[in-house]
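The values are calculated or read from the model by the stated rules, or taken from the named source; none is laboratory data. Only a predicted model underlies this, so the values are computations on that prediction, with no experimental measurement involved. Heads up, the Cβs are rebuilt from the backbone with ideal geometry, glycines too, and the neighbour counts pull from every protein chain shown. We work out accessible area using only protein heavy atoms, side chains counted, and drop any ligands, DNA or RNA first. Shrake-Rupley method; radii C 1.70, N 1.55, O 1.52, S 1.80 Å.
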Amino acid sequence: MQDAEGNDVSLSSLFGKPMVLNFWASTCGPCQREMPEFQAAFEEMGDEVRFTMVDIPGFNGESVQRAKQFVADNGYTFPVFFDVDGEASVPYGLSSIPRTYFLDAQGNVVASAAGMLDAQTLQQGLSMIR
């Protein structure tokens with residue numbers, strides 16, 4: 001995947017602390033609606049849990065520029081990455097978004113959730129990896 005500056009980043013290079021891995025697109029209504037919950041959790045726990053928000057360019061007209069504009073317009077400060085070639089989502093068998101995985105510090109999936117997360121479900125997942 002790529003970071004906001006277009007640099008290639010491997011997901012495994014981000015292991016080392018518990019991780020919330022979210023696949024999303026700004027063209028996805030449920031994805032848009034769950035973003036404030038992720039931002040709140042990032043502000044609260046961003047030092048102890050890595051938030052890895054992976055945009056899916058090509059989903060329903062999604063583009064890197066559109067996603068960047070969505071993030072900027074909403075003041076989101078969590079790290080955003082772009083799965084421009086599908087290599088980040090394929091290993092997780094992604095078939096729909098939003099999709100969230102909760103990984104331990106070694107990168108093992110501890111829990112996952114399909115569809116839009118509410119604050120309670122997000123907190124439950126976070127409690128499983130902290």
Gaussian network model of the chain, Cα within-10 Å springs - most flexible of ALA72, ALA41, ALA113: ALA72
Tell me the GluC sites (Glu not before Pro) within region 1-98 that lie in a loop according to DSSP and have at most 13 other beta-carbon atoms within 10 Å. GLU5, GLU48, GLU87
Choice from PHE38, PHE23, PHE59 with maximal GNM fluctuation in the chain (Cα, 10 Å cutoff): PHE59
Per-residue HN-Hα couplings for region 94-99, Karplus 6.51 cos²θ - 1.76 cosθ + 1.60 at θ = phi - 60°, whole Hz, x for Gly and Pro? 4, 10, 7, 10, x, 9
Work out the length of the dipole vector of the chain about its Cα centre, built from +1 on the beta-carbon of each Lys and Arg and -1 on the beta-carbon of each Asp and Glu, and round it to the nearest 20 debye. 220
Please report, in debye to the nearest 20, how large the charge dipole of region 31-76 is about its Cα centre when each Lys and Arg carries +1 at its beta carbon and each Asp and Glu carries -1 there. 280
Work out how much length ASP73 to ASN108 would gain on full extension: take 0.36 nm times their residue separation and subtract the Cα-Cα distance, in nm to one decimal. 9.3 nm
dims of region 1-104, Cα set, principal axes, largest to smallest, nearest Å -> 34, 28, 26
Out of the total accessible area of the chain (probe 1.4 Å, heavy atoms of protein only), what percent is carbon and sulfur? 46
Towards the positive end of the charge dipole of the chain, with charges on Cβ (+1 Lys, Arg; -1 Asp, Glu), say which of ASN74, LEU11, CYS31 has the farthest Cα. CYS31
